[in-house]
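Worksheet: the structure to be examined is printed underneath.
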Amino acid sequence: MPFGLRNAAQTFQRFLDDILRDLNCFAYLDDILIASIDHASHYRDLEQVFQSLNEKGLVLNIEKCIFGADKLSFLGCEVSREGISPSKEKVEALVNYPQPQDVSALRRFLAMLNFYRRFIPNAAEIQHILYDLVKGKKKRDKTTIDWSEAAVQAFQTCKNSIAQAALLAHPNSEAKLSLVVDASNTGIAGTLQQTYLKNTQPLAFFSRKLTPAESRYSTYDRELLVVYSSVKHFRYFLEGRDFIIYTDQKPLTFAFQQTGDKTSPRQKRHLEFISQFGTDIRYISGMQNTVADAFSRIDEIGIPSEIDYEEIAREQTDDEELLTLQENIRPYVPKAFRTIIINVIHSPAHSGAKATTNSVKQRFIWTSLKKDCTEFCKQCFPCQKSKVSRHVKSPKGDFSLPSARFSHIHLDVVGPLPLSKSYRYCLTVVDRFTRWPEVFPMINQTANRIAETFYSGWISRFGVPEVVTTDQGRNFESDLFHSFTKYLGISKIRSAAYNPAANGMEERFHRQLKASLMCRLGSTECWVQQLPTILLGFRTAFKENINASSAELVYGSHLRLPGQFLQDNSVKTEPSEFLDLLRKHFRDPRPVAASSHSSAQIFVYKELVNCSHVFVRRDAVRRPLQQPYDGPFQVLQRKAKDYKIQVKDKPIWISINRLKPVFGFKEHGASV
């Protein structure tokens with residue numbers, strides 16, 4: 001026996017479990033309980049137990065043995081053929097327990113009471129006042145308790161609850177299981193019961209007090225919590241069994257039918273755990289939920305037994321609120337005239353939903369008035385085109401990394417700039433893989449000039465790329481440039497209009513380039529002469545997002561900068577060996593995907609997923625009183641960040657950030 005006599009009980013229990021394994025009995029230390037269906041099987045079970053004990057040399061004290069009893073006391077409980085209940089001696093001791101005077105004595109009483117917790121419906125709700133008295137106190141604290149009237153009443157209620165403890169039935173494998181749950185503002189309670197031959201019997205009770213955080217949950221979340229906690233508590237009963245969960249929270253019955261975007265992370269965790277055991281949740285009214293509901297709301301009992309309608313009628317004659325309502329009688333509007341009424345009141349100033357609802361409410365009345373007014377204002381076409389409620393801000397996307405250097409590049413034009421050596425524009429090219437930049441001065445920005453500069457400046461040095469990304473400038477959208485890229489076998493991608501983030505690598509490079517030019521120019525205006533020095537700085541600068549400099553990814557080594565007088569002491573190698581080494585190193589280095597640099601709040605209309613028509617925001621400078629939205633336009637195709645819409649018989653791609661859905665198009669489509 002390891003560690004001496006301290007582990008004697010555990011060692012003896014393990015010894016008994018090994019001897020009596022697979023036999024029809026239950027052993028707890030020196031107490032062995034044998035329960036059988038009839039006398040014949042009971043005799044057989046006894047014989048098997050005696051034989052196993054005899055083989056191991058164990059002897060029973062006949063004076064302490066009880067045979068053939070219909071009921072007996074075992075481990076503080078009275079076990080009979082009807083079920084299990086607390087031992088009468090223990091119940092009597094608790095009922096006669098004197099009122100504790102200090103914290104230590106109260107803890108002993110609660111510990112004894114807690115042993116029979118499964119027999120007491122909603123024990124947590126009954127005992128929570130007593131637990132508050134010992135909260136934060138040490139285990140053997142002798143501090144005197146200041147008993148309030150509520151605490152004394154709770155102490156008596158606890159003793160009454162154990163005196164009226166329920167009889168728990170024996171589990172029946174053929175019976176149908178059900179779990180009845182309910183939650184209040186202070187606690188949660190669950191009852192596991194079985195139904196056999198139309199007779200419902202309790203198997204066990206579960207309850208606990210809510211934590212301060214849990215007590216602030218919504219009603220739905222508290223009801224979901226009690227289902228989760230009850231299933232977790234009774235999982236040894238419920239695993240592998242079909243059972244029904246009854247709750248008086250009707251929305252909870254649809255919990256497994258709602259979409260994931262409507263549930264919080266905590267709700268998803270609870271539902272995921274519950275679904276491992278069962279998903280059959282049914283509604284039961286509070287009047288029928290007598291086991292869990294009534295006991296979980298002891299502090300709420302006190303509803304009058306009857307209502308005096310005659311007294312109510314007499315009070316109505318003097319009620320100020322009712323008299324005020326009678327002075328301002330409003331007509332009830334039939335369903336066929338409601339839209340006409342709302343339109344007459346809304347159209348003069350096209351007020352918002354709240355103002356329209358208040359105006360209609362002052363003059364008319366009908367059921368769902370607020371809902372109808374809100375829906376009408378939501379579908380009003382002039383309001384949708386003229387009012388900006390909230391701009392769409394879609395989440396940032398991730399650009400896929402190219403497979404090799406110089407396979408995917410970005411093109412754009414900077415200018416017009418101050419005249420310098422006859423140049424006013426620059427063609428900028430950035431490689432997505434290495435971030436290698438090139439800037440080529442140009443006299444003008446015609447498509448022909450761009451194609452010539454791109455071919456002579458970039459393609460002649462780095463080869464033909466696979467993909468080119470540009471904006472929707474006229475020079476890049478011209479037939480000449482399209483023919484040029486098609487002839488070279490280049491796949492051209494264009495970003496959506498008024499969406500610079502789609503070509504963000506070029507836009508950021510332009511900002512850095514202009515800032516560097518302004519810093520370098522000073523008194524001179526010859527920016528062309530400064531480009532080589534600025535580009536050298538860009539190419540050799542360490543970039544954290546790719547964990548290297550552009551020059552390292554292009555040449556495989558650092559570039560020597562002006563003023564650097566220390567030589568690299570690397571060993572000289574033959575050109576062929578250096579080439580093999582360079583190829584080996586180029587298999588590994590890859591740029592790291594850039595992380596998001598902004599935490600702007602994301603907002604996207606959920607109706608954009610399936611709407612048939614959209615409005616497009618005007619991002620150009622508007623004239624006075626010009627509506628901020630154009631449309632409606634039909635949606636032809638959807639992508640994650642862009643939508644293809646039909647504009648004047650021509651399909652164009654628009655960024656999702658400029659769109660908002662058209663509400664009520666089916667109702668108003670004919671007049672648009």
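The values are calculated or read from the model by the stated rules, or taken from the named source; none is laboratory data. What you see is a predicted model; the values in this text were computed from it and never measured. Note that we place each Cβ from the backbone using ideal geometry, even for glycine, and neighbour counts take in every protein chain shown.
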Can you name the residue in the range 24-57 that is closer than 16 Å to C77 by Cα and touching a strand residue (DSSP E or B) at 6+ places or on another chain (Cβ under 6 Å) and is also surrounded by the fewest Cβ atoms within 10 Å (Cβ to Cβ) among such residues? L33
Assess whether S422 counts as being surrounded by fewer than 16 Cβ atoms within 10 Å (Cβ to Cβ), out of contact with any Pro (no Cβ under 6 Å at 6 or more places or on another chain), over 24 Å from Y605 (Cβ atoms) and at pLDDT below 85. no
Residues of the range 314-330 being loosely packed, with under 10 Cβ neighbours inside 10 Å and part of a loop (DSSP other than H, G, I, E, B), which ones? T317, D318, N328, I329
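Return the residues of the range 81-103 that are under 20 Å from K139 (Cα atoms) and surrounded by 17 or more Cβ atoms within 10 Å (Cβ to Cβ); say none if nothing qualifies. Don't jump to the end; show me each part of the working.
In the first step, residues of the range 81-103 are kept if they are under 20 Å from K139 (Cα atoms); the result is 97-103.
Y97, P100, V103 - these are the residues of the range 81-103 that are under 20 Å from K139 (Cα atoms) and surrounded by 17 or more Cβ atoms within 10 Å (Cβ to Cβ).
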Hey, can you tell me all the residues within the range 251-261 that are part of a helix (DSSP H, G or I) and surrounded by 13 or more Cβ atoms within 10 Å (Cβ to Cβ)? P251, L252, T253
S296 vs (1) at pLDDT below 50; (2) small (G, A, S); (3) out of contact with any helix residue (DSSP H, G or I) (no Cβ under 7 Å at 6 or more places or on another chain): all pass except (3)
Could you tell me which of the residues R520, R474 is among the basic types (K, R), modelled with pLDDT under 80 and over 24 Å from F406 (Cβ atoms)? R520
In the range 240-250, residue surrounded by the fewest Cβ atoms within 10 Å (Cβ to Cβ) [restricted to those that are within 27 Å of the chain's Cα centre (by Cα) and not in a helix (DSSP H, G or I)]: I244
Find all pairs meeting these conditions: Cβ atoms under 6 angstrom apart; at least six residues apart or on different chains; first residue within the range 344-368 and without any contact (Cβ under 8 Å) to a residue 60 or more places away in the chain and on the phi > 0 side of the Ramachandran plot; second residue assigned to a helix (DSSP H, G or I) and surrounded by 13 or more Cβ atoms within 10 Å (Cβ to Cβ). H350/C383
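Report those helices (runs of 4 or more DSSP H) wholly inside the range 1-116 carrying at least 1 residues which are of a type in the set (G, A, S) and more than 48 Å from the chain's Cα centre (by Cα). Break it down stepwise before answering.
Values: elements: 8-19, 39-55, 88-95, 103-115.
Output list reads 8-19, 39-55, 88-95.
Look at the range 432-472 and say how many of its residues are within 21 Å of G537 (Cβ to Cβ) and in contact (Cβ under 8 Å) with a residue 60 or more places away in the chain. Steps first, please.
Within the range 432-472, the subset within 21 Å of G537 (Cβ to Cβ) is 432-441, 457-458, 461-462.
Subsequent filtering for residues that are in contact (Cβ under 8 Å) with a residue 60 or more places away in the chain retains 432-439, 441.
Going through the range 432-472 one residue at a time, the tally reaches 9.
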If you scan the range 256-277, which residues turn out to be modelled with pLDDT under 85 and among the small types (G, A, S)? G260
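In the range 93-113, which residues are of a type in the set (S, T, Y) and at pLDDT 80 or above?
The first filter runs over the range 93-113 and keeps only residues of a type in the set (S, T, Y), leaving 97, 104.
Answer for the range 93-113, where residues must be of a type in the set (S, T, Y) and at pLDDT 80 or above: just S104.
Which strands (runs of 3 or more DSSP E) does the range 143-234 wholly contain that include 3 or more residues that are free of Cβ contacts under 8 Å to residues at least 40 places away in the same chain, surrounded by fewer than 17 Cβ atoms within 10 Å (Cβ to Cβ) and not assigned by the TED database to the domain that holds D248? Give the derivation first.
Working: elements: 176-183, 187-196, 199-209.
The strands (runs of 3 or more DSSP E) meeting that bar number zero.
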Taking S359 as the residue in question, decide whether it is exposed (fewer than 14 other Cβ atoms within 10 Å of the Cβ) and either modelled with pLDDT of 85 or more or not hydrophobic (A, V, I, L, M, F, W, C) (or both). no
What residue, among those in the range 223-244 that are aliphatic (A, V, I, L, M) and either modelled with pLDDT under 90 or out of contact with any Lys or Arg (no Cβ under 7 Å at 6 or more places or on another chain) (or both), is nearest to E174 (Cα to Cα)? L238
